[in-house]
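First comes the structure, then the notes that go with it.
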């Protein structure tokens, strides 16, 4: 009887500890789920230039990942030329397009292939998946984001310039932005703001792809 009572007390204590742990963890988990859901909804609502789908044909540069074991050298423009938009993705679902292309790259990024499972991308200061995983190298993150922006027609070098510079040295991109310098300036600033918003959002895309 004494042994049975001791076991019952031990079980009760263990259950109490478990309940306390869940009471602490569940609200945090619920908060993370809500934040992730809101983040995905925000990404889905983001705009791109009219009539745009992710494509190597939109690119103004040839983006490449440099070899740094376990990561292989990879020509991302050539890779995107061989990528096909998934059947489940609508032409205006640019998030799904980006996630699918990043996964297409990640599936052949490393040698050996399974090494990619050791990496994650931080979003909001923490790992969305696998807190013990290593950060995907900054150079690869930066190159992937620039490649995706370019594939979505937001990689033009003019987006890094001021309207006054382009007025003095107009390019085809600038002249096609509107009929007057005032209209072009307004459209350029709008495109720059759009590009900057996507820069941050694409980190979430990389995290989701991993």
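A compact table of results
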| read-out | value |
| --- | --- |
| Order of 103, 88, 108 - criterion: other Cβ atoms within 10 Å of each residue's Cβ, fewest first | 88, 108, 103 |
| Exposure proxy order (Cβ contacts within 10 Å, fewest to most) of 75, 50, 100, 160 | 50, 160, 75, 100 |
| Proxy reagent accessibility, fewest Cβ within 10 Å first, across 47, 133 | 47, 133 |
| Pairwise centroid distance, computed over Cα atoms, of the stretch 61-95 with the stretch 134-210, Å | 18 Å |
| Length-normalised contact order of the stretch 47-209 in % [C-alpha pairs under 8 Å, at least 6 apart] | 28 percent |
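None of the figures in this text is laboratory data; all of them are computed from the coordinates on show. Please read these numbers as outputs of a predicted model, since none were measured by experiment. Quick reminder, even Gly has a Cβ in these numbers, built from the backbone with ideal geometry, and neighbours come from all protein chains shown.
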